Amino acid sequence: MTRFAKIPAARYLDLALFLALGLFPLTGLMFYTQLLQKYMVFLIFAYSLDLLWGYAGLMDLGHAVLFGMGGYLMALSLSARSGVPEFMARYGVEQLPAWLAAIVPEPAAVLAGILVPALFAGLLGRFLFFSRVGGVFFSVITLALAQAFNLFIQSQQEYTGGFNGIGGLPGLSLFGRPLTLAQGYYLVFGLVLLVYAFCRGLTASRFGLVLRGIRENGARLEFLGYDQARFKTAVFAVSGALAGLAGVLYAPVNGMIAPNDVGMEFSTAAVVWLAIGGRGSLTGAALGAMLVNVLGNALSEQFGAYWQLLLGAALLAVVFFAPQGITGVLPRPGARSSPGKAAGKRA
Amino acid sequence: MESFAALLLNGLNSSALILIAALGMVIICGLMNVINLAHGELIMIGAYTAYGVTQSLGYPFFAALPAAFAVTAAAGAAMERLVVKRLAGRPAETMLATFGVSVVLQQLANVAFGAQSKYVAIPIDGKLAFGKVVVPFYNLFTILFVAAVTAGTVLLLHRTKFGKRVRAITQNREMAECLGIDSSRVDTFTFAFGSGLAGLAGALAAPVKTVSPFMGGPYLVNSFMTSVVGGVASFFGTSAGSLLVGESTALIGGVSNDVLANILVLLLIIAAIRFRPEGLFAKERR
């Protein structure tokens, strides 16, 4: 077989998606360019969840917590650029607390927005995985965490704007210079490519192989001398960093952040993207995120609740008829069994 | 001291609601090893049934309780037959599918009843007062009713043939099947029964909480935490777990605020799982 034939069909999908995203601003459709910019941020978030769920088999039902940490840190930094923001002043905060003053400079905010969720995920992973909490328990705990984080954000009104969130944020900037829409778009696009390349490299490495081994049969990996807890914790931290990066971009790209973006709702939305697109290939994550968001944008205004209903039904249909998602239906060279059977073995 | 007693009684009331919400989940999880992410929506169905029976049809609240049980049990049976059974032995897929069901149920309620909250009148007026400690009669009713339902469930599982089958399958499914137990039928009945309990929880909560399509989330999380704390092996564990969750939330909430209480209890539970993954009250693993 030629080398050409060995490239999975899915890679062509990646290529096509990136080509389309790269060329889209040339159409001059400002509104949709802005929208796609936001969806590209979601793409990074989807990749980060795929690393965790698709490759290591850890279904995080509270992934938006990590996204939200990055997002809120960036939003706070942006709104505190010129002194105490209005929503804080309303609650009688007269001086920026030291931790907030420290993240006002842009590089500090970016760094904090990536490192804090990474550290949080690392610590939580250290705590959970080393006591053999895994499988569905991990999902249950992360779901509860999403609920608690959402409540926490809503309760800290003087620092988070409570239920209304933090709005009126300036757009993307780089080294203190505000970017135009096109510049901002390509900055995010460049980051998407970087994150994609990073994830591809990581999952193709020995580390990625071990992760897939853990997903399929953790006990067997232990017999081979791999400490699964260590690997799970590491991938959780890496995934946390990427989710944080997505959050950091989301705050300026979206112009606001609210508790809805950090709780159960957004966490489960990402789970739906991956379930529909397919897990463990990165391609499926991207495809699902784009498809659900683009369709959602087109349909939700007209059909409202019916769109959500359709999404729920689509999720059910995927679980029953295409357990590997849309990309699972694509031919994959070197696959030993049909996608349906492979999914059946995974528990 | 008096305010402490009031907090304690308040906590007992929320413990009762948590217990009946979690009980169904624990039975289902113990028997079938299924995490049902649509459990909160079953509670929602129960609450809407109570709303429909009392507000739309005008029957008394006490007719709403059995109605809620029946409607949710039917919904649960359908869900087990159509979704859960087909994914047997694949916990991750089951979880995803039940999540799909929860989205569908939420949106169906949203389409049918609208997103606004509905209210159910409190069926029993009046309150009991000991000095500063005031207990509404309805809270007392809730506590007693939940105690009775829990006792009934224990009797069902430990004193009837059906219960014996359920316990046999919980212990060893293949062996039970070898002995001629139709595990598929027992699964459906148990799922229906557990769902019915969730419906009762929804109906009981309806007069004191709001009824809306998206009310299920917090109940789901609370039920999860209770079953995680108590373990899925025993009723004692579930009862103790719900008491722990309800009382500690009420007590911490009394001295600080509800949000902080919720977060602290969650963190304590995560810590508890760290050291006792089978639940605090579980017996040693076989």
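The values are calculated or read from the model by the stated rules, or taken from the named source; none is laboratory data. Since the model is a prediction, treat every value here as computed from it, not as a measurement. Using ideal geometry, Cβ is built from the backbone for each residue, glycine included, and neighbour counts are taken over all protein chains shown.
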Query raised in the report: Can you name the condition, by its number, that B:S248 falls short on among (1) modelled with pLDDT of 85 or more; (2) over 15 Å from the mean Cα position of the chain (by Cα)?
Result: (1)
Requested in this report: Tell me which residues, restricted to segment B:77-104, are more than 8 Å from chain A (Cβ to nearest Cβ) and under 16 Å from A:A314 (Cα atoms).
Outcome: B:L82, B:T94, B:T98
Report summary line: Screening B:F189, B:F145 for residues that are within 18 Å of B:C29 (Cβ to Cβ) and at pLDDT 90 or above leaves only B:F189
Report task. Could you tell me whether B:I270 is more than 9 Å from chain A (Cβ to nearest Cβ), of a type in the set (V, I, T), assigned to a helix (DSSP H, G or I) and over 29 Å from B:A75 (Cβ atoms)? Result -> no
Query - Residue check for A:Y72: part of a helix (DSSP H, G or I), closer than 19 Å to A:G240 by Cβ and within 20 Å of the chain's Cα centre (by Cα) - result: yes
Query raised in the report: In segment B:187-227, what count of residues is obtained for those that are polar (S, T, N, Q) and farther than 23 Å from B:I273 by Cβ?
Result: 5
**Report entry** Test result for A:L43, without any contact (Cβ under 8 Å) to a residue 12 or more places away in the chain, under 25 Å from A:F207 (Cα atoms) and either more than 14 Å from chain B (Cβ to nearest Cβ) or surrounded by 24 or more Cβ atoms within 10 Å (Cβ to Cβ) (or both)
**Finding:** no
Query raised in the report: Just a yes or no: is a residue in segment A:237-254 in contact (Cβ under 8 Å) with a residue 60 or more places away in the chain, farther than 16 Å from A:L169 by Cβ and within 13 Å of another protein chain (Cβ to nearest Cβ)?
Result: no
Query - Test for B:L243: is it within 14 Å of chain A (Cβ to nearest Cβ), more than 16 Å from B:I27 (Cα to Cα) and in contact with a helix residue (DSSP H, G or I) (Cβ under 7 Å, 6 or more places away or on another chain) - result: no
Query raised in the report: Is it the case that some residue within segment B:226-236 is more than 12 Å from chain A (Cβ to nearest Cβ) and among the aromatic types (F, W, Y)?
Result: yes
Requested in this report: Could you please find all residues in segment B:204-231 being assigned to a loop (DSSP other than H, G, I, E, B), among the hydrophobic types (A, V, I, L, M, F, W, C) and buried (at least 21 other Cβ atoms within 10 Å of the Cβ)?
Outcome: B:A206, B:M215
Query raised in the report: Which pairs have Cβ atoms under 6 Å, sit 6 or more apart or on different chains, and link a residue in segment A:191-212 that is over 20 Å from A:A243 (Cβ atoms) to one that is outside any helix (DSSP H, G or I)?
Result: A:V210/A:Y226
Query raised in the report: When you look at B:A68, is it surrounded by 24 or more Cβ atoms within 10 Å (Cβ to Cβ), over 22 Å from A:A275 (Cβ atoms) and over 12 Å from the mean Cα position of the chain (by Cα), yes or no?
Result: yes
**Report entry** Restricting segment B:105-136 to residues that are at the interface with chain A (Cβ under 10 Å from one of its Cβ atoms), more than 20 Å from the chain's Cα centre (by Cα) and surrounded by 15 or more Cβ atoms within 10 Å (Cβ to Cβ), the residue that is nearest to B:T210 (Cα to Cα)
**Finding:** B:N110
Query raised in the report: Could we say that A:A112 is free of Cβ contacts under 8 Å to residues at least 60 places away in the same chain and farther than 30 Å from A:Q324 by Cβ here?
Result: yes
**Report entry** Qualifying position, being out of contact with any Pro (no Cβ under 6 Å at 6 or more places or on another chain) and surrounded by 18 or more Cβ atoms within 10 Å (Cβ to Cβ), among A:L124, A:L119
**Finding:** A:L124
Report task. Quick one: which residue in A:G165, A:G176, A:G161 is in contact with a Phe, Trp or Tyr (Cβ under 6 Å, 6 or more places away or on another chain), closer than 21 Å to A:R81 by Cα and not aromatic (F, W, Y)? Result -> A:G161
**Report entry** Checklist (1) of a type in the set (G, A, S); (2) surrounded by 20 or more Cβ atoms within 10 Å (Cβ to Cβ); (3) within 17 Å of the chain's Cα centre (by Cα); (4) modelled with pLDDT of 90 or more applied to A:S281, failing item
**Finding:** (4)
